[in-house]
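The values are calculated or read from the model by the stated rules, or taken from the named source; none is laboratory data. Only a predicted model underlies this, so the values are computations on that prediction, with no experimental measurement involved. Heads up, the Cβs are rebuilt from the backbone with ideal geometry, glycines too, and the neighbour counts pull from every protein chain shown.
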Ligand code: SAM
Ligand code: SF4
């Protein structure tokens, strides 16, 4: 159930009360990523070490009511229009269906989506859809069981594929697929993955690997670039630029063989979209991050637990976003990888 905040109907319109989440560079965040857990049942090498990580201690995790309250503040008071639940693996969060239901009950109602590895989604897709989930993005890096095991350190390709089918069957369409290519691991599969997506009417997007691995071994010169991905696809498909403007969406899209099917490439490193970024992030332990690569965080959990009201929480969140840097700075010689890996930030 939604936590009691401002009564529905009397709430200010988005961002109207004290302003939205605007930074000093003219960007306004309207897209909230909420990490629901730092745990995962896979160990994708670009994200988490095989042995796992020291998990966040339970008392530091936001409770379901605390998540609901902070999402409500973001939507009612700060102008957030899209809420994406992620992790770690969000399907591992026992209260996920109720959390989605609480978000869907907000006024104004946000768009609600989930980023997941889809393990278990065949069981959860229907209840999630009934609770108000609008869309899913599923991570799928390979169609080969051995490569899956090599890349994710678990033999779960069949479970992921079942979950994707379950999402489509539950009407969570169009299912979006996210793929990270790694050199010498799965980079040869780009055309096969696109054929798979076209055959099932899934929307495929390739994402450049970012320096967010727990081991800190990412190397730019080893990264498979957006240009390389496009070249590999163009060798087998006719790609034409999508005439629809990309706006703040990070994926540059191309029509495949004249359309209407499309493929996206998110060149987070080589074609950064920081100037159009509209995201704000909340970690599973209640810290606001104004960027994936932020070095600092703002503690909303402590504030909420100290008895702060919604207006004070909203004010602290605005302050956190004011200080957002203009870009991720991966190319700066002074760039430092954030202390938390992707699994603990929420991708
Ligand atoms: N477990 C869920 C999943 O895999 O979809 C949600 C969390 S995961 C951290 C979210 C997304 O981040 C996935 O699409 C994953 O491929 C992506 N990701 C993780 N580490 C990454 C990295 N170093 N570079 C680029 N994308 C990454
Ligand atoms: Fe888990 Fe997602 Fe990270 Fe893979 S990318 S280890 S599925 S959190």
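Consider only pairs whose beta carbons are under 6 Å apart and that are at least six residues apart or on different chains; among these, list those whose first residue lies in the range 48-73 and is within 18 Å of residue 339 (Cα to Cα) and assigned to a helix (DSSP H, G or I) and whose second residue is within 16 Å of ligand 2 (Cβ to nearest atom) and modelled with pLDDT of 95 or more.
Pairs that qualify, where the first residue is within 18 Å of residue 339 (Cα to Cα) and assigned to a helix (DSSP H, G or I) and the partner is within 16 Å of ligand 2 (Cβ to nearest atom) and modelled with pLDDT of 95 or more, are 60/285.
With the condition kept exactly as written, say whether any residue in the range 157-165 is within 20 Å of the chain's Cα centre (by Cα), surrounded by fewer than 20 Cβ atoms within 10 Å (Cβ to Cβ) and within 16 Å of ligand 2 (Cβ to nearest atom). Before you say what the answer is, go through the steps one by one.
At the first step, the residues of the range 157-165 found to be within 20 Å of the chain's Cα centre (by Cα) are 160-161, 163-164.
Narrowing further to those that are surrounded by fewer than 20 Cβ atoms within 10 Å (Cβ to Cβ): 161.
After this cut, where a residue has to be within 16 Å of ligand 2 (Cβ to nearest atom) as well, the list is 161.
Looking for residues that are within 20 Å of the chain's Cα centre (by Cα), surrounded by fewer than 20 Cβ atoms within 10 Å (Cβ to Cβ) and within 16 Å of ligand 2 (Cβ to nearest atom), one finds at least one in the range 157-165, hence yes.
Out of 321, 342, which single residue is within 16 Å of ligand 1 (Cβ to nearest atom) and either within 19 Å of residue 35 (Cα to Cα) or under 21 Å from the mean Cα position of the chain (by Cα) (or both)? Break it down stepwise before answering.
Working: 321 fails: within 16 Å of ligand 1 (Cβ to nearest atom).
Sole residue among the options that is within 16 Å of ligand 1 (Cβ to nearest atom) and either within 19 Å of residue 35 (Cα to Cα) or under 21 Å from the mean Cα position of the chain (by Cα) (or both): 342.
Each row is one residue, and each column tells you yes or no for (1) more than 30 Å from residue 142 (Cα to Cα); (2) within 16 Å of ligand 1 (Cβ to nearest atom); (3) at pLDDT 95 or above; (4) surrounded by 21 or more Cβ atoms within 10 Å (Cβ to Cβ).
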residue: 30; (1), (2), (3), (4): yes, no, yes, yes
residue: 36; (1), (2), (3), (4): no, yes, yes, yes
residue: 48; (1), (2), (3), (4): no, yes, no, yes
residue: 54; (1), (2), (3), (4): no, no, no, no
residue: 62; (1), (2), (3), (4): yes, no, yes, yes
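Could you say which residue among 190, 131, 105 is under 30 Å from residue 72 (Cα atoms), at pLDDT 95 or above and in contact with a helix residue (DSSP H, G or I) (Cβ under 6 Å, 6 or more places away or on another chain)? Write out each step before concluding.
Working: 190 fails: under 30 Å from residue 72 (Cα atoms); 105 fails: in contact with a helix residue (DSSP H, G or I) (Cβ under 6 Å, 6 or more places away or on another chain).
Matching residue, one of 190, 131, 105: 131.
Could you run through the range 302-319 and say how many residues are in contact with a strand residue (DSSP E or B) (Cβ under 9 Å, 6 or more places away or on another chain) and either farther than 16 Å from residue 62 by Cβ or surrounded by fewer than 21 Cβ atoms within 10 Å (Cβ to Cβ) (or both)?
Looking only at the range 302-319, we keep the residues that are in contact with a strand residue (DSSP E or B) (Cβ under 9 Å, 6 or more places away or on another chain), and these are 316-319.
Imposing the further condition that a residue be either farther than 16 Å from residue 62 by Cβ or surrounded by fewer than 21 Cβ atoms within 10 Å (Cβ to Cβ) (or both) reduces the set to 316, 318-319.
Looking only at that region, the number is 3.
Just checking, which of 9, 19 is surrounded by fewer than 20 Cβ atoms within 10 Å (Cβ to Cβ) and modelled with pLDDT under 50?
Values: 19 fails: modelled with pLDDT under 50.
Within the list 9, 19, the selection yields 9.
Keeping to the range 139-160, report how many residues are in contact (Cβ under 8 Å) with a residue 24 or more places away in the chain and part of a helix (DSSP H, G or I).
6
Kindly evaluate residue 88 against the criterion of being on the phi > 0 side of the Ramachandran plot, part of a loop (DSSP other than H, G, I, E, B) and within 16 Å of ligand 1 (Cβ to nearest atom).
Values: on the phi > 0 side of the Ramachandran plot: yes; part of a loop (DSSP other than H, G, I, E, B): yes; within 16 Å of ligand 1 (Cβ to nearest atom): yes.
Criteria met by residue 88.
For residues that are surrounded by fewer than 20 Cβ atoms within 10 Å (Cβ to Cβ) and near ligand 1 (Cβ under 9 Å from one of its atoms), tally how many sit in the range 198-229.
Residues that pass the stated criteria total 2.
Within the range 186-196, can you find the residues that are more than 19 Å from residue 44 (Cβ to Cβ) and either buried (at least 17 other Cβ atoms within 10 Å of the Cβ) or in contact with a strand residue (DSSP E or B) (Cβ under 9 Å, 6 or more places away or on another chain) (or both)?
Residue satisfying the conditions is 194 alone.
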